[in-house]
């Protein structure tokens, strides 16, 4: 009788643990929100496109040939390059206080109106107070499609080079 009771209690305990674990797992809709797919071939040059990923705004900018020619090597290291097209893909939150900087297409830079911080077209700080560049989200490339939320080989190379934290 004791062995039967112990077996039933053991099965009940395992069932309870499985049920508890399932309540802790994120819902499928929440998991799906962790990824965003964007077709970069549809992005026009020098026109800022704003997408959303995990509730955060994402800036996407296809650079013009003049932008690419005038940038430094540190800027080029932050680009997503597909063929001969260079793209900026960053989380659109200022690293100072989390404001959303505005893109100034005439100057080809970003300005945060809250405290006057400025970023160049590659998301690097050109005027303080922001302490660091705009953050590049984890991404994976599949042709002209960028999948935000997954670390692909291109992102891992940026990580190894110290471009992203």
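Each value in this text was obtained by applying a stated rule to the coordinates, not by laboratory testing. Because the structure is a prediction, the values reported are computed rather than measured. Virtual Cβ from ideal backbone geometry, glycine too; neighbours counted across all protein chains shown.
Work out the FRET efficiency for residue 76 and residue 47 from their Cβ-Cβ distance, taking R0 = 22 Å, and round it to the nearest 0.05. Walk me through the numbers before you get to the answer.
Numbers: r = 21 Å, r/R0 = 0.93.
Step by step, r from the Cβ atoms, then E = 0.60.
Distance between the C-alpha centres of the range 112-157 and the range 46-67: 10 Å, rounded to the whole angstrom. The angle between the Cα long axis of helix 2-24 and the longest principal axis of the Cα atoms of the chain comes to about 20 degrees, rounded to the nearest 10.
Each 10 Å bin, from zero up to the one with the longest distance, holds this percent of the alpha carbon pairs of the range 41-118: 17, 50, 30, 2.
What do you get when you divide the Cα radius of gyration of the chain by 2.2 N^0.38 Å, with N the number of residues? Could you put the intermediate results ahead of the total?
Details: Rg = 22.2 Å, N = 165, 2.2 N^0.38 = 15.3 Å.
That works out to 1.45 for the chain.
From helices alone, the chain scores -8000 deg cm²/dmol at 222 nm; the rule is -39500 (n - 2.57) for each run of n ≥ 4 DSSP H residues, then divide by the residue total. In this calculation the C-beta distance from residue 107 to residue 159 is compared with R0 = 25 Å, giving a FRET efficiency of 0.25. Modelled spin-label separation between residue 5 and residue 141, with each label point placed 7 Å from Cα along the Cα-to-Cβ direction: 6.7 nm.
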